[in-house]
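Data block below; observations after.
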Amino acid sequence: MCFLFIFILLIHSIDAIILTQIHRSSLYQANSSCTLLENVTLPRNASIQTCIWKCVHQDNCKTAVYYHDNQTCLLFGENCQVGIITSSKNTRVSVICYRTTQDTYCQAPVTTTAFATTMSPEQNWTRTGNMSVARYVHAAAILSDGKILVTGGRNGNSYLNSAELYDPSTGNWTITANMNVARGYHTASTLSNGKVLVTGGDGGPSLNSAELYDPSTGNWTITGNMNVARQHHTASILSDGKILVTGGRDGGPSLNSAELYDPSTGNWTITANMNVARQHHTASILSDGKILVTGGQGSGSCLNSAELY
C-alpha cells in the first residue's frame with residue numbers, strides 16, 4: 001500500500017514539474033519587444049536544460065530562448081507569448097516559458113512524460129500516438145531537441161532493454177537502439193551535454209550499471225558503474241552538471257547511501273549518507289542549488305521526514 005501511494009504521488013510530481021513550470025515549443029527565433037534581462041553564452045557542452053536552469057535562478061525571469069546551434073540563452077522578464085516570437089527556418093531555437101505559480105499563464109504547447117497524452121492550455125486531454133512497446137516502471141527523459149526518450153520497464157514478467165522516441169511535432173513514436181542492459185525501476189537524466197544517463201534499476205537482481213544514450217548517434221555506451229546497486233532510487237542534476245543519486249534498495253532494506261556521477265570522467269564517487277534510509281522517495285532541486293529529499297518508504301513504513309543535501 002505504501003509503495004502504491006508513493007508511486008501515485010511520484011507520477012503526479014512528474015506531471016507538476018513539466019506541466020506547470022516548463023513549456024517548450026520548437027523552431028522559434030527571439031525577435032520581440034519583451035524586456036531582455038540577460039544574454040548568456042553557455043559552455044559548448046551545454047544543453048537546453050542549462051538554459052532552463054539559468055532562467056529558474058535568475059530573478060524575474062519568465063521566458064527563456066535557447067539557440068541550439070551556438071548555445072546562447074536569452075532571458076526575458078515578461079511572459080513572451082509564442083505569438084510575438086517570430087519564426088525562422090534557418091535557426092533551431094526553443095522557447096521556454098517558466099511558470100513560478102499555478103495561475104501564471106503561458107501560451108505554449110505542453111508535453112508530459114507521464115502518459116502518452118497531451119494537455120492544452122484549456123486543460124483538456126487528447127489522445128496521441130501509442131508507444132511501440134507496452135511498458136511500465138520505465139523512465140522518460142526530455143532531449144535537447146524536445147523529443148522524449150522512453151527506456152526499459154517491464155512487459156509482463158520480463159524486463160525490457162528497448163527504447164523509443166516521441167516526437168511532439170508529429171505525435172509519433174520511433175524505435176531507437178536498445179540499451180545494453182534490460183532494466184526497470186531505473187532513472188534517466190538528461191546531462192548538460194545532451195546525452196541521457198540511465199542508472200541502476202531492477203534487471204532480476206538490483207543493478208549498479210549505468211549507460212549513456214547519445215541522441216546524435218542513437219547509440220548506447222556503457223559508463224562507470226555505481227558503487228552501490230540500487231532500484232527505486234532518485235537522480236538529480238546538480239548546478240555543476242553532476243548527477244546525485246540517492247537511496248533506493250538493493251534487494252533488501254532501504255538504503256541511505258548517496259553518490260555522485262561526473263560526466264567529464266564517467267566515474268562515481270561516494271558522498272555523505274542521508275540521515276534516513278529510504279526508497280520510493282522524491283528529490284527536488286531548489287532555487288539555491290540544494291536538493292530536497294522527501295518521504296519514501298523506510299523500514300516497512302511510510303516516511304514523513306525530509307532532508308537537504
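For the stretch 39-72, filtered to residues that are part of a strand (DSSP E or B) and hydrophobic (A, V, I, L, M, F, W, C), the residue that is surrounded by the fewest Cβ atoms within 10 Å (Cβ to Cβ) is V40. Here G184 meets the list (1) more than 17 Å from H232 (Cα to Cα); (2) surrounded by 15 or more Cβ atoms within 10 Å (Cβ to Cβ); (3) in contact with a strand residue (DSSP E or B) (Cβ under 6 Å, 6 or more places away or on another chain) almost entirely, failing just condition (1). For S144, indicate whether it is touching a helix residue (DSSP H, G or I) at 6+ places or on another chain (Cβ under 8 Å) and modelled with pLDDT of 50 or more. So S144 passes the test. Of the numbered criteria (1) more than 17 Å from the chain's Cα centre (by Cα); (2) closer than 14 Å to G247 by Cα; (3) surrounded by 12 or more Cβ atoms within 10 Å (Cβ to Cβ), the one S299 fails is (3). Restrict the check to the stretch 239-258 and report whether at least one residue is among the small types (G, A, S), assigned to a loop (DSSP other than H, G, I, E, B), under 16 Å from the mean Cα position of the chain (by Cα) and surrounded by fewer than 19 Cβ atoms within 10 Å (Cβ to Cβ). Within the stretch 239-258, one or more residues are among the small types (G, A, S), assigned to a loop (DSSP other than H, G, I, E, B), under 16 Å from the mean Cα position of the chain (by Cα) and surrounded by fewer than 19 Cβ atoms within 10 Å (Cβ to Cβ). Residues in the stretch 165-186 that are in contact with a Leu (Cβ under 8 Å, 6 or more places away or on another chain), farther than 15 Å from G218 by Cβ and not hydrophobic (A, V, I, L, M, F, W, C): R183, G184, H186.
Kindly indicate whether V150 is assigned to a strand (DSSP E or B), aliphatic (A, V, I, L, M) and closer than 26 Å to A283 by Cα. For V150, the condition - assigned to a strand (DSSP E or B), aliphatic (A, V, I, L, M) and closer than 26 Å to A283 by Cα - is met.
The values are calculated or read from the model by the stated rules, or taken from the named source; none is laboratory data. Just so it is clear, the structure is predicted and the values come from calculations on it, not from any experiment. Glycine also receives a Cβ, built like all others from the backbone with ideal geometry; neighbour counts cover every protein chain displayed.
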